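The values are calculated or read from the model by the stated rules, or taken from the named source; none is laboratory data. Note that this is a predicted model, so its numbers are computed, not measured. Here the Cβ positions follow ideal geometry from the backbone for every residue, glycine too, while neighbour counts run over all protein chains shown.
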Amino acid sequence: MTKLHTQNAPDISVVKPHFLFGAFAFGVAVLLMLLSGTELFMPYYHNKILAIIHTNILGWAMMLVYGSLYQLVPVVFETKLFSETLAKLTFWLTGFSIMIMAYAFWAGRLETWLVWGAYLMYSALFLFVFNISMSYRNATLKNIKTFFIIAAIFWLFLTQTEGLLMALSFKYPIYTDNLRHLPVHAVMGLTGFFIQMIFGVGTTLVPMFLVSHKHSEKPLWPAFLLYNAGLAVLVINWWFIGWHWLVYPGWMMLAAGIGFYLKFVYDAFRNRFKRILDEGMQPTMLMFVLLLVPLLLSFLLLFRHNYHGKTALSLVALFGFSLIFGVINLIILGQTYKTIPFIIWLERYQPYVGKFKIPLPKEVYSARLAVWQYRFYLVFLILFIFAYIVQSSWMLWISLWILAFVAISYNVNMIKMFFHKPHLEPLDKNK
C-alpha cells in the first residue's frame, strides 16, 4: 500500500475535508430519504428524489472521488498535484454549490436557487478540470490507467454542462423539455464519469489490494475503447439523431467494454496472493458482480419505446437505484477502509516508524463496525428493492432505518479515523 503515498503526495489538509464532507452528505441523504418516506415510490424526476440523488452523488460520491483523485494523482500520473490551493478552493465552491442545489430541489426553488447552485458548481468544475489537466500535462507516466481517468473527467464536463443548461432552462428558454434531457444527463454522469473513474482507479487499486502480480492488463485497452465508443454512440444519438435502432449497437459496445474490464478484475482476483478478502475488499468485489444488474436492466429498457410508461418508469428507477446504491455507494463503503486508514496512519505514525511500537492502519477504525455496516447495507439493498417492486410501505421503512444505521456507523468510523490520536509504545519496554 505504500504506492498510495509518495514524496509527491499532497498535504492531508487537501484530502481530509473531502472525506469528512462526504460522510456528512451521506448522512444528510439518508435523513432526506427518511423524511421523504413513501414519496420515494414517486417517479425518478420527483423533486425530493432529485434532491436525495444529488446529495448522495455530488455530496458523497463526487467529493470522495475528488479527494481520492488528489491523493492518487502522484501514483497514477507520477507527478505532484498542480495546485493544492486550487484544490482547496474547488472543495469550498463545490461544497456550497451542493448544499444550494440540494435545497433548491427539495424546496422546489428551481428558477432561483438551482440556477445559482448550478453556476457555482460549474465554476468549481472548471477549477477541478484545470488542476487535473495541468497535473496530467506534467505527468511522467501516461498509459491506459490515466486515459480512463481523463476520459471520466471529460464525461463529467459534459454531464455538468448538460446539468447547467437544464437548470438555466427553468428560467430561460433553452430546453423546452428538461425531462427529455434528464436521462442523458444521468447516464453521462453515472456511467461516463463514476463507473469509468472506478475503472481507472481500480486498474491500480484492485491488483494492489488483492496483492496480484501476475494478472494481465491486455483487456484494459479494448475495455476503454469499447466502453467510450458505446457511450458516445448512445449520447450522440440521444442528442442529435434519435434513431431507436442505434441504441442497440451503442449498448453492445458499452456492455462489451464492461465485459473486458471484468475480465481484468477476474484475472487479478484469480491470481491474488491475499486469499481472504477483508472488510474493504468484500464490498469492492461484490460491486463488480452487481454491476451486471444495471447492465441487465438497461438491456430491458432497450425494448421500451415509451420511457414514460409505468413499466419503463419502474425499470428506470431500479436501474438508477442499482447503479447508485448497488455499485457506486457499495465501492465507496469498501474502499473507505482501504485508502483512508493508510492515509491517516501515514500522517500520524510515519515519523515514528522504527522508533516506537505503532499500530497497524486497520487499527485506526473499528473493523467490527465496518463488517456489520457492510452486512446491514446488503440487507438494505434487498429490502428496498422488494419494497419498491411490491410498493410495501412497511418494508420501505424497515430498509430506510437499516440504512440509517449504516450511515451512522460509517460516520462514527470516519470520525474515529480522522480524529485518531497516536498511540505509541517503546520498542523495548525493559529499556
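Structure notes:
- Evaluating Ala104 against the criteria (1) part of a helix (DSSP H, G or I); (2) buried (at least 17 other Cβ atoms within 10 Å of the Cβ); (3) under 22 Å from the mean Cα position of the chain (by Cα) leaves one unmet condition, (3).
- The condition (being closer than 23 Å to Asn329 by Cα, of a type in the set (Val, Ile, Thr) and either surrounded by 15 or more Cβ atoms within 10 Å (Cβ to Cβ) or touching a strand residue (DSSP E or B) at 6+ places or on another chain (Cβ under 6 Å) (or both)) is satisfied by just one residue among Ile402, Ile382, Ile389, Ile415: Ile402.
- Residue ranges of helices (runs of 4 or more DSSP H) in the stretch 254-371 with at least 2 members at pLDDT below 90, buried (at least 18 other Cβ atoms within 10 Å of the Cβ) and of a type outside the set (S, T, N, Q): 329-349
- Total residues in the stretch 377-431 satisfying the condition of being among the hydrophobic types (A, V, I, L, M, F, W, C) and on the phi > 0 side of the Ramachandran plot: the figure is 0.
- The stretch 418-430: number of residues that are hydrophobic (A, V, I, L, M, F, W, C), out of contact with any strand residue (DSSP E or B) (no Cβ under 8 Å at 6 or more places or on another chain) and in contact (Cβ under 8 Å) with a residue 24 or more places away in the chain: 1
- Here Gly326 does not qualify as out of contact with any Leu (no Cβ under 6 Å at 6 or more places or on another chain) and of a type outside the set (Asp, Glu).
- In this entry, Ile150 is excluded by the filter for residues that are part of a helix (DSSP H, G or I), in contact (Cβ under 8 Å) with a residue 24 or more places away in the chain and at negative phi.
- Positions within the stretch 116-150 being farther than 18 Å from Lys80 by Cβ and either in contact with an Asp or Glu (Cβ under 8 Å, 6 or more places away or on another chain) or at pLDDT below 90 (or both), in sequence order: Asn143, Ile144
- Among the criteria (1) crowded, with 18+ Cβ neighbours inside 10 Å; (2) farther than 24 Å from Val65 by Cα; (3) not aromatic (Phe, Trp, Tyr), the one Gly242 does not fulfil is (1).
- Residue selected from the stretch 236-246 under the condition closer than 21 Å to Met166 by Cβ and in contact with a helix residue (DSSP H, G or I) (Cβ under 6 Å, 6 or more places away or on another chain), by the criterion modelled with the lowest pLDDT: Trp238
- Extreme residue, surrounded by the most Cβ atoms within 10 Å (Cβ to Cβ), among residues of the stretch 60-85 that are assigned to a helix (DSSP H, G or I) and in contact with a Leu (Cβ under 6 Å, 6 or more places away or on another chain): Val73
- Per this entry, Asn131 is counted among residues that are over 27 Å from Phe321 (Cα atoms), free of Cβ contacts under 8 Å to residues at least 60 places away in the same chain and crowded, with 20+ Cβ neighbours inside 10 Å.
- Every listed requirement among (1) without any contact (Cβ under 8 Å) to a residue 40 or more places away in the chain; (2) on the phi < 0 side of the Ramachandran plot is met by Gly242 save one, (2).
- Within the stretch 238-281, tally of residues that are among the aromatic types (Phe, Trp, Tyr) and farther than 30 Å from Asp177 by Cα: 6
- Unique residue being out of contact with any His (no Cβ under 9 Å at 6 or more places or on another chain) and more than 22 Å from Met166 (Cβ to Cβ) when the list is Phe96, Phe77: Phe77
- Residue in the stretch 168-187 that is in contact with a helix residue (DSSP H, G or I) (Cβ under 6 Å, 6 or more places away or on another chain), crowded, with 16+ Cβ neighbours inside 10 Å, of a type in the set (Ser, Thr, Tyr) and closer than 27 Å to Leu300 by Cβ present: no
Here is a yes/no grid of residues against (1) in contact with an Asp or Glu (Cβ under 8 Å, 6 or more places away or on another chain); (2) farther than 30 Å from Val15 by Cα; (3) in contact (Cβ under 8 Å) with a residue 60 or more places away in the chain:
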{"residue": "Val247", "(1), (2), (3)": "no, yes, no"}
{"residue": "Ala256", "(1), (2), (3)": "no, yes, no"}
{"residue": "Lys274", "(1), (2), (3)": "no, no, yes"}
{"residue": "Gln282", "(1), (2), (3)": "no, no, yes"}
{"residue": "Phe288", "(1), (2), (3)": "no, no, no"}
{"residue": "Leu291", "(1), (2), (3)": "no, no, yes"}
{"residue": "Leu300", "(1), (2), (3)": "no, yes, no"}
{"residue": "Arg304", "(1), (2), (3)": "no, yes, no"}
{"residue": "Val327", "(1), (2), (3)": "no, no, yes"}
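- Flag if Tyr352 is under 26 Å from Leu292 (Cα atoms) and hydroxyl-bearing (Ser, Thr, Tyr): no
- Subset tally (residues that are surrounded by 15 or more Cβ atoms within 10 Å (Cβ to Cβ) and either in contact with a Lys or Arg (Cβ under 9 Å, 6 or more places away or on another chain) or farther than 13 Å from Met188 by Cα (or both)) for the stretch 218-228: 7
- Among the residues of the stretch 108-125, those that are assigned to a helix (DSSP H, G or I) and either among the β-branched types (Val, Ile, Thr) or free of Cβ contacts under 8 Å to residues at least 24 places away in the same chain (or both) comprise Trp113, Val115, Trp116.
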